[in-house]
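What follows is a single structure, written as structure tokens, with notes after it.
The values are calculated or read from the model by the stated rules, or taken from the named source; none is laboratory data. Treat the numbers as computed from the prediction; the structure is a model and nothing was measured. Here the Cβ is made from the backbone with ideal geometry for all residues, glycine too, and neighbour counts use every protein chain on show.
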Amino acid sequence: MKTLLEVDNVSISFDGFKAIKNLSFSIGYNELQAIIGPNGAGKTTFMDIITGQTKPDNGHILWGEKSIDLIRKTESEIALLGIGRKFQKPTVFENKTIIDNLILSQKKNRNPFKVLFQKNTKSELTSIEKILKDINLYMIKDSIAGEISHGQKQWLEIGMLLSQNPKLMLIDEPAAGMTQTERNQTVSILKNIAKSSSIIVVEHDMEFVRNLNCRVTVLNEGSILSSGSIDFITQNEKVIEVYLGR
Amino acid sequence: MITDMNKSIKKHSLIFLITIFLFTLLVTFLSEPFGINFISTSFVKVLGKTLCLCIAAIAMDVVWGYCGILSLGHFAFFGLGGYMIGMWLMYERTSIIVLNSLDDSQLPFTEIELQEAIGNQIFGVVGGTEIPLIWTFADNLYFQIIFVILIPGLIAFIFGWLAFRSRVTGVYLSILTQAMTLALSLYLFQNDSGLRGNNGLSGLQNIPHLENLSQSTISILFLWLSSIGLIFSFVIFNYIIQSKFGSVITAIRDNETRLRFFGYNVEIYKLFIFVITAIITGLAGAIYYPQAGIINPAEIAPIASIYLAVWVAIGGRGKLYGAILGAASVSLLSSWFTGGNAPNIPLGFFTIEWVNWWTVFLGIGFVAITIFSKGGLIGMLNTLLVKIK
């Protein structure tokens, strides 16, 4: 499988505390992977480094066929290269309607002088409507995003990523605050997305990760403990000790 | 539903523009030179100046209310616009006067003598006769009009580029803009700043080559200029905030970090808004000061920019007409109270003199409005209308 993103021997410390230690990780095109680990394992820091919010002390992050190093790029440049991110706490623009949120994130020219005169074409609106149906929000598309439920916000943020149409999505705790039915729907939404783009899902919930049925990487204290199928890692003694045993 | 909303916004904007037009027409018919002489020339000037302040207020509303940058420096751009046009007004008028007086003398004069006479007239007050380098183009109206746009735009660009690139936001940015304003004002207070120190530029109400027109006629001309300026800037800003660009800048206000991860270069958007509002504010200043007649560094002091923010907050930020309502009502009330027109209130043991107490009253009003109505005056009005319906 061709590699889309390769994280190569990355380390970072905050005031002497090593949050990530010599971490290496890679994901291929249209691959779905999950990352699990206890609190403070460095999952969110790992995402911060990939998306450019935090600069690592050393190491490389290589992207795509041309192996572009992401370390010197800004958040918006990395996003334009094709990496989208969903935050742990659903972060949508609460003063805008659901459909306006999707229009804002839609993949289009981001040059301010172009944006000033951008209008939505029919086909673009059709693709937004399709996303609205995929994330089960079509019926309430004109509601203000601040007024919908927590689970719906999670979906809206995933929808915004879909509209952004990235090659790789980093999804932090998509199932937090969801009912069992909503969780199952989220699993099918994610599996559906994975047909056309790569996804890294960070989750706490083992059952949710099991349903995703993908390669799982266990992080602990900033480095990789184990990696493989869910059945493989749940039999690893170290994993049971630090994570499952609790 | 979105199209419905757009339609109602379009309708409101149209009503607003027609109101401004009719208001200007009404004032013209009530004025001395073109109508029934009901409104004095000085009041026409007050109204014209108020319209210019409204332009500055909507620019402030766009940069603060929509984009979330609390700039405490926009009135500096207003003042700079005034200085740039003031240079031409003063130079041209002085050169006409000097030429006339030299014509009366029998001896022919050289170009150097002419320059010296003009320099002496303008800069004698700060102990100089040389015309400073920055006045090189002061004899050319077109150049100075270009400077009205260029100077505020350039300063805003350099300042904004440095500040936004370093990701200075929130209160820190406000303090930085205030420091910029203070520095500029202190510099202009210097006698060797080339702009006549604390004397500022004066006699700006006398427009060169329009000597045949009376001040009352000129006041009406400038009223129309101000009104057209307000309509023009309202149309521009209204377009910006209704477009997708407007959606981006309100997203910057609400959560700029999130927006970066969608691939928007937030700094460029902020810079664009900062510069365009600075330019429009500068243009407003260039129409304001010929009506005020004088500009000095005190006008640029940080307090003026704070007032601008107060007007927008009182009127209701995040709505263009809110900013206009705030600026118009507060600045008109302010000139009424501080003009000594308001009757003093004797309390027996103490007399409330409005000239001194107005700012206290304004302060209390500001606090009350920010506490009780989040949307300012316009927010109150809207809730009232909803209740009536």
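Values as computed for the structure displayed
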{"quantity": "Qualifying position, being in contact with a helix residue (DSSP H, G or I) (Cβ under 8 Å, 6 or more places away or on another chain), farther than 20 Å from B:Gly263 by Cα and of a type in the set (Val, Ile, Thr), among A:Ile140, A:Ile103, A:Ile131, A:Ile99", "calculated": "A:Ile140"}
{"quantity": "In segment B:289-303, the residues that are closer than 10 Å to B:Gly79 by Cα and part of a loop (DSSP other than H, G, I, E, B)", "calculated": "B:Asn296, B:Ala301"}
{"quantity": "Some residue of segment B:271-279 being facing chain A (nearest Cβ under 7 Å) and not in a helix (DSSP H, G or I)", "calculated": "no"}
{"quantity": "Lone qualifier among B:Ser233, B:Ser219 - being more than 11 Å from every other protein chain (Cβ to nearest Cβ), touching a Lys or Arg at 6+ places or on another chain (Cβ under 8 Å) and among the hydroxyl-bearing types (Ser, Thr, Tyr)", "calculated": "B:Ser219"}
{"quantity": "Residue satisfying condition, being farther than 18 Å from A:Phe87 by Cα and touching a strand residue (DSSP E or B) at 6+ places or on another chain (Cβ under 7 Å), within set A:Leu212, A:Leu190", "calculated": "A:Leu212"}
{"quantity": "Candidate set from segment A:118-130 (those that are of a type in the set (Lys, Arg) and farther than 19 Å from B:Gln242 by Cβ); member that is farthest from the other protein chains (Cβ to nearest Cβ)", "calculated": "A:Lys130"}
{"quantity": "Any hit, segment B:367-378, residues being polar (S, T, N, Q), loosely packed, with under 15 Cβ neighbours inside 10 Å and either touching a Lys or Arg at 6+ places or on another chain (Cβ under 7 Å) or modelled with pLDDT of 85 or more (or both)", "calculated": "yes"}
{"quantity": "Members of segment A:76-125 found to be among the aliphatic types (A, V, I, L, M) and within 22 Å of the chain's Cα centre (by Cα), listed by number", "calculated": "A:Ile78, A:Ala79, A:Leu80, A:Leu81, A:Ile83, A:Val92, A:Ile98, A:Ile99, A:Leu102, A:Ile103, A:Leu104"}
{"quantity": "Scope segment A:1-22; condition surrounded by 20 or more Cβ atoms within 10 Å (Cβ to Cβ) and either within 18 Å of the chain's Cα centre (by Cα) or free of Cβ contacts under 8 Å to residues at least 12 places away in the same chain (or both); matching residues", "calculated": "A:Leu4, A:Leu5, A:Val7"}
{"quantity": "Segment A:1-59, residues that are among the hydroxyl-bearing types (Ser, Thr, Tyr) and touching a Pro at 6+ places or on another chain (Cβ under 7 Å)", "calculated": "A:Ser11"}
{"quantity": "Only one of A:Lys108, A:Lys114 that is outside any loop (DSSP other than H, G, I, E, B), more than 7 Å from every other protein chain (Cβ to nearest Cβ) and farther than 28 Å from A:Ile35 by Cβ", "calculated": "A:Lys114"}
{"quantity": "Single condition A:Ile158 does not satisfy, out of (1) away from chain B (no Cβ under 13 Å); (2) closer than 24 Å to A:Glu77 by Cα; (3) touching a Leu at 6+ places or on another chain (Cβ under 7 Å); (4) in a helix (DSSP H, G or I)", "calculated": "(3)"}
{"quantity": "Evaluation of B:Ala286 against (1) modelled with pLDDT under 95; (2) more than 9 Å from chain A (Cβ to nearest Cβ); (3) farther than 18 Å from B:Gly160 by Cβ; (4) part of a helix (DSSP H, G or I) (one fails), failing number", "calculated": "(1)"}
{"quantity": "Only one of A:Phe93, A:Phe117 that is of a type in the set (Phe, Trp, Tyr) and surrounded by fewer than 22 Cβ atoms within 10 Å (Cβ to Cβ)", "calculated": "A:Phe117"}
{"quantity": "Pairs with Cβ under 9 Å, 6+ apart, first in segment B:330-344 and without any contact (Cβ under 8 Å) to a residue 12 or more places away in the chain, second of a type in the set (S, T, N, Q) and exposed (fewer than 14 other Cβ atoms within 10 Å of the Cβ)", "calculated": "B:Asn344/B:Thr351"}
{"quantity": "Residues located in segment B:240-262, provided they are assigned to a helix (DSSP H, G or I), facing another protein chain (nearest Cβ under 7 Å) and under 14 Å from A:Ser105 (Cα atoms)", "calculated": "B:Lys244, B:Phe245, B:Ser247, B:Val248, B:Thr250, B:Ala251, B:Asn255, B:Arg258, B:Arg260"}
{"quantity": "Conditions (1) more than 9 Å from every other protein chain (Cβ to nearest Cβ); (2) in a loop (DSSP other than H, G, I, E, B); (3) of a type in the set (D, E, K, R); number of the one not met by A:Lys133", "calculated": "(2)"}
{"quantity": "Selection count where residues are in a helix (DSSP H, G or I), over 24 Å from the mean Cα position of the chain (by Cα) and within 12 Å of another protein chain (Cβ to nearest Cβ), scope segment A:136-150", "calculated": "1"}
{"quantity": "B:Phe34, sole failed condition from (1) surrounded by 15 or more Cβ atoms within 10 Å (Cβ to Cβ); (2) within 19 Å of B:Ile207 (Cβ to Cβ)", "calculated": "(1)"}
{"quantity": "Single unsatisfied condition, B:Ile280 versus (1) touching a strand residue (DSSP E or B) at 6+ places or on another chain (Cβ under 6 Å); (2) surrounded by 24 or more Cβ atoms within 10 Å (Cβ to Cβ)", "calculated": "(1)"}
{"quantity": "Those residues of segment A:104-138 which are free of Cβ contacts under 8 Å to residues at least 40 places away in the same chain and within 30 Å of A:Glu203 (Cα to Cα), in sequence order", "calculated": "A:Ser127, A:Ile128, A:Glu129, A:Lys130, A:Ile131, A:Leu132, A:Lys133, A:Leu137, A:Tyr138"}
{"quantity": "Scope segment A:162-185; condition in contact with an Asp or Glu (Cβ under 9 Å, 6 or more places away or on another chain) and of a type in the set (A, V, I, L, M); matching residues", "calculated": "A:Leu162, A:Ile171, A:Ala175, A:Ala176"}
{"quantity": "Qualifying position, being out of contact with any His (no Cβ under 7 Å at 6 or more places or on another chain) and at positive phi, among A:Gly228, A:Gly146, A:Gly151", "calculated": "A:Gly228"}
{"quantity": "Within segment B:160-186, tally of residues that are in contact with a helix residue (DSSP H, G or I) (Cβ under 7 Å, 6 or more places away or on another chain) and either exposed (fewer than 13 other Cβ atoms within 10 Å of the Cβ) or without any contact (Cβ under 8 Å) to a residue 24 or more places away in the chain (or both)", "calculated": "4"}
{"quantity": "Those residues of segment A:117-126 which are closer than 17 Å to B:Gly263 by Cβ and not in a loop (DSSP other than H, G, I, E, B), in sequence order", "calculated": "A:Glu124"}
